[in-house]
């Protein structure tokens with residue numbers, strides 16, 4: 001089995017992510033930080049299974065695109081209007097905007113047979129592998 005690695009150049013990862021929240025000020029002045037869609041990927045002989053956490057979105061706001069062996073999925077998170085009744089907001093951590101992930105799989109995906117389900121904030125993609133065609137032997141003339 002080949003190792004699958006997703007390249008995300010704009011997303012910090014590692015131990016830095018663990019401590020990032022401890023040192024942030026209470027007020028962020030309306031700035032939002034990008035959401036990282038966390039995912040698990042499993043593979044068997046016939047398919048790839050991806051579970052991705054995308055909480056707080058409607059099913060209709062999720063997009064999944066398959067192009068050969070490249071899969072892109074994400075969603076638009078919409079911000080609700082908050083009524084504060086004279087109160088001031090001390091901290092707002094809820095993100096709104098677009099969040100997407102793109103990954104390249106080791107083999108091509110059959111988009112006609114693949115299935116996407118969204119339930120309880122988790123997107124499940126069952127991506128069926130395309131049948132490998134044997135190489136054609138050419139006769140040398």
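The values are calculated or read from the model by the stated rules, or taken from the named source; none is laboratory data. Keep in mind it's a predicted model, so treat the numbers as computed, not measured. Quick reminder, even Gly has a Cβ in these numbers, built from the backbone with ideal geometry, and neighbours come from all protein chains shown.
The strands (runs of 3 or more DSSP E) found entirely in the range 35-141 that carry 2 or more residues being surrounded by 11 or more Cβ atoms within 10 Å (Cβ to Cβ) and in contact with a helix residue (DSSP H, G or I) (Cβ under 8 Å, 6 or more places away or on another chain) are 70-77. Could you look through the range 42-58, keep only residues that are modelled with pLDDT of 90 or more and over 11 Å from the mean Cα position of the chain (by Cα), and pick out the one that is nearest to residue 104 (Cα to Cα)? Out of the qualifying residues, it is 48. Looking across the range 84-112, the residues that are in contact (Cβ under 8 Å) with a residue 12 or more places away in the chain and over 25 Å from residue 57 (Cα atoms) come down to 105, 106, 107, 108, 109, 110.
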